[in-house]
Each structure stands twice: as C-alpha cells, then as structure tokens.
Amino acid sequence: MNILNGMGFGMYGSFWGFFLNILIILLIVGAVVVLLNRSGYQAPASNEKLVKIEKDIEDIKKTVEEIKSKLEEI
C-alpha cells in the first residue's frame, strides 16, 4: 500500500496532500478576513485620528506651560 502514497493519496507525502493543506490554510485565512470585515474592524483609512491626537497633545503642552508660568508668578 505504500505505492499509493506517491500517487496522491497520502496527506503529506505527495503534491495533492500539499495542495490540500495550502487550500485549507487559505480557506481559514479567508474566513478570518471576512469575519474581521463584518465585525467592523478597520485600520485607520487616513491619519486624521493621529493628527487630531497630535493637535490635542500640543494643546495640552501649551496649557501645562501656561500653568507653570502662573505658578512661577505666585
């Protein structure tokens, strides 16, 4: 029965077994991608959020500097 292994009947010992494993992996990856898209997961389409956060950080830095200067006056 070992002869059949070379004819594509084995899971790991032939081209067809390798091909089947690749198809299963691609199927699983595709299912994960579809589920992530349906759940609403999206990478940021643009840097708008990052720009907003950076602007907020700059505002906070300015506020901290103003508070420091007022504390020094006191």
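Bear in mind these aren't lab numbers, they're just calculated from the coordinates by the rules spelled out. The model shown is predicted, which means the values in this text are computed figures rather than measured ones. Here the Cβ is made from the backbone with ideal geometry for all residues, glycine too, and neighbour counts use every protein chain on show.
A Förster distance of 35 Å, applied to the separation of the beta-carbon atoms of ALA31 and ILE57, puts the FRET efficiency at 0.35.
Neighbour counts of C-beta atoms inside 10 Å place SER39, SER14 in the sequence SER39, SER14, starting with the fewest.
Counting only lysines at least 8 places from LYS68 when in the same chain, those with an alpha carbon closer than 23 Å to its own are LYS55.
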